[in-house]
């Protein structure tokens with residue numbers, strides 16, 4: 001069904017001949033008018049409609065010719081966090097009617113659609129089909145409510161923005177697609193303004209641009225770059241500068257006059273749709289409307305298809321002649337062993353274990369980062385000690401849980417200078433798993449974002465595009481869970497991880513030959529080493545704990561039955577037999593093994609390593 005209307009067509013026609021001024025921030029005004037920050041702003045469409053309509057009317061009176069619905073977070077994912085997922089339709093339709101009431105016939109109404117943000121600590125990934133349906137549910141409700149166009153805003157994921165553009169196109173309404181840029185004309189994922197413009201143009205957006213993320217000057221630079229590779233009209237909804245912390249709250253100090261002057265500059269580089277984002281008020285929109293009154297969109301040089309085509313990606317750097325722990329792959333199984341950093345300051349035991357593993361011929365020692373979200377020593381510092389003591393390469397796990405984007409950059413650049421070359425990028429268990437009182441999960445980046453960050457460092461820039469004056473040389477790996485009933489979702493994630501730069505895989509523990517066989521078959525086409533996780537069981541209690549309380553580990557009923565009643569040496573013997581059976585089946589079939597000795601029992605890993613090397617079980 002197409003919702004295209006005469007007003008929708010008029011919007012596109014007027015963009016070609018005049019500057020359309022949009023409205024400013026909704027949340028800023030609601031907060032100033034007494035709505036607490038922890039309230040659900042979208043629900044106000046139903047419970048305080050007069051308040052929302054008055055905000056629209058204030059922007060209309062200030063000169064806005066386009067009003068956005070109060071629906072930035074009105075999707076099932078966001079509303080579900082406050083128990084409102086069944087009110088998606090009602091909230092969006094009500095929002096569209098409120099904006100239309102204030103807009104009248106003379107102004108346009110844009111259905112505001114924001115990104116899909118998972119609840120804090122939630123690790124499950126939504127597939128493209130699920131995301132598309134979430135967007136469709138919201139956007140159909142907005143269309144039913146009578147919006148003239150869709151305004152997709154503040155997206156940090158270009159993939160998600162393309163999905164939303166596709167939904168908008170299928171509904172027949174014009175689509176304004178705006179990306180959030182953070183620094184140096186880069187998205188949070190590291191994409192350039194040029195890449196964003198090319199992909200959104202190819203996806204079928206009617207207008208492309210930027211909003212939020214940074215102040216007006218940075219968005220001005222982004223528009224200049226987008227205009228060089230796309231013929232589409234440009235839009236800009238900038239923040240009122242950068243927020244500053246004053247008297248216990250963040251405020252935006254850029255004056256309406258400055259904001260309006262920057263708007264004129266944006267028109268000069270091709271913008272024909274201008275409005276405001278965080279911190280802007282009717283005063284900013286009034287000044288902007290006055291500043292651009294009478295201006296027309298500037299003539300831009302047409303962009304040819306050849307000029308718009310992206311440059312081929314640079315080759316991944318690598319140190320000349322460097323060999324890695326993966327060198328044996330294809331000739332014999334690669335074997336890594338995981339050691340947990342100590343909970344305190346004593347390193348004697350773990351260094352002694354590392355020396356034993358080195359003597360046994362392990363290819364690399366894998367060091368988890370605060371496993372199960374419990375406080376332990378820095379694995380990067382420990383990796384440096386182990387490499388110096390043993391000469392064996394270390395693999396450090398880096399999580400998105402424990403550091404923000406700034407800290408991740410700093411830590412990884414420091415790791416490079418400490419001689420760390422192997423990194424396993426993992427999202428990390430949420431802190432609720434470890435019950436460390438007072439700790440919070442960060443999750444600025446998930447595992448795929450970490451891989452992209454590591455790829456950027458290897459290319460000599462940070463994730464925001466700034467030059468580093470050199471390159472790191474990380475060999476980057478990813479985790480994989482082979483235990484779900486269906487592997488389709490995990491394989492989609494693995495494909496994204498490989499695309500983002502993963503060059504080896506370490507899996508969650510496997511306890512079933514059937515699961516191992518499926519793993520080998522389904523991952524073979526990817527052509528990278530898959531190191532099968534082997535974590536020997538030691539008792540019935542240990543088996544039940546892993547099965548019931550550790551994310552990503554599943555024990556078959558047959559294995560749990562074999563461990564029933566087993567304790568002490570009997571438990572260890574049974575657990576080692578189960579591990580040995582998996583290794584026996586994997587001979588000649590798997591790329592290698594990732595051994596996880598329970599409770600630091602390095603001797604168990606050595607026993608399995610010798611069996612792997614000899615081919616005997």
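In the stretch 334-614, what percentage of the DSSP-assigned beta bridges are antiparallel, given to the nearest 5?
5
Quick one: angle between helix 256-268 and the longest Cα principal axis of the chain, in degrees between 0 and 90, rounded to 10, please.
90
Angle between the Cα long axis of helix 49-61 and the longest principal axis of the chain, 0 to 90 degrees, nearest 10?
The helix 49-61 is inclined about 60 degrees to the chain.
Over its Cα atoms, what ratio of radius of gyration to 2.2 N^0.38 Å does the chain give?
1.09
Which value at 222 nm does the chain reach when only helices count, each DSSP H run of 4 or more adding -39,500 (n - 2.57), with the total divided by all residues and rounded to the nearest 500 deg cm²/dmol?
-12500 deg cm²/dmol
State the Cα centre-to-centre distance between the stretch 565-617 and the stretch 477-512 in whole Å.
22
What percent does the relative contact order of the chain come to when contacts are Cα pairs within less than 8 Å and at least six residues apart?
11
Just to be sure I understand: of the beta bridges DSSP finds with both ends in the chain, what percent are antiparallel, rounded to 5?
10
What's the exposure ranking of 277, 212, going from fewest to most Cβ atoms within 10 Å?
Final ranking by Cβ density, sparse to dense: 212, 277.
With 10 angstrom as the radius, rank 413, 26, 377 by how many other C-beta atoms surround their C-beta, starting from the fewest.
413, 377, 26
Show me 479-488, 536-545, 192-201 ranked by packing, highest mean number of other Cβ atoms within 10 Å first.
Result, highest mean first: 192-201, 536-545, 479-488.
Kindly express, to the nearest 10 degrees and within the range 0 to 90, the angle between helix 158-171's C-alpha long axis and the longest C-alpha principal axis of the chain.
50
When the Cα centres of the stretch 529-554 and the stretch 151-185 are compared, how far apart do they sit, in Å?
41
Taking just the C-alpha trace of the stretch 573-616, give me its Rg and Dmax in Å.
10.1, 29
Cα centroid distance between the stretch 193-225 and the stretch 372-402, in Å?
The stretch 193-225 and the stretch 372-402 have Cα centres separated by 39 Å.
Bear in mind that the values in this text are calculations on the coordinates, not laboratory data. Every value quoted in this text rests on a predicted model; they were computed, and no experiment measured them. We place every Cβ from the backbone using ideal geometry, glycine too, and count neighbours over all the protein chains shown.
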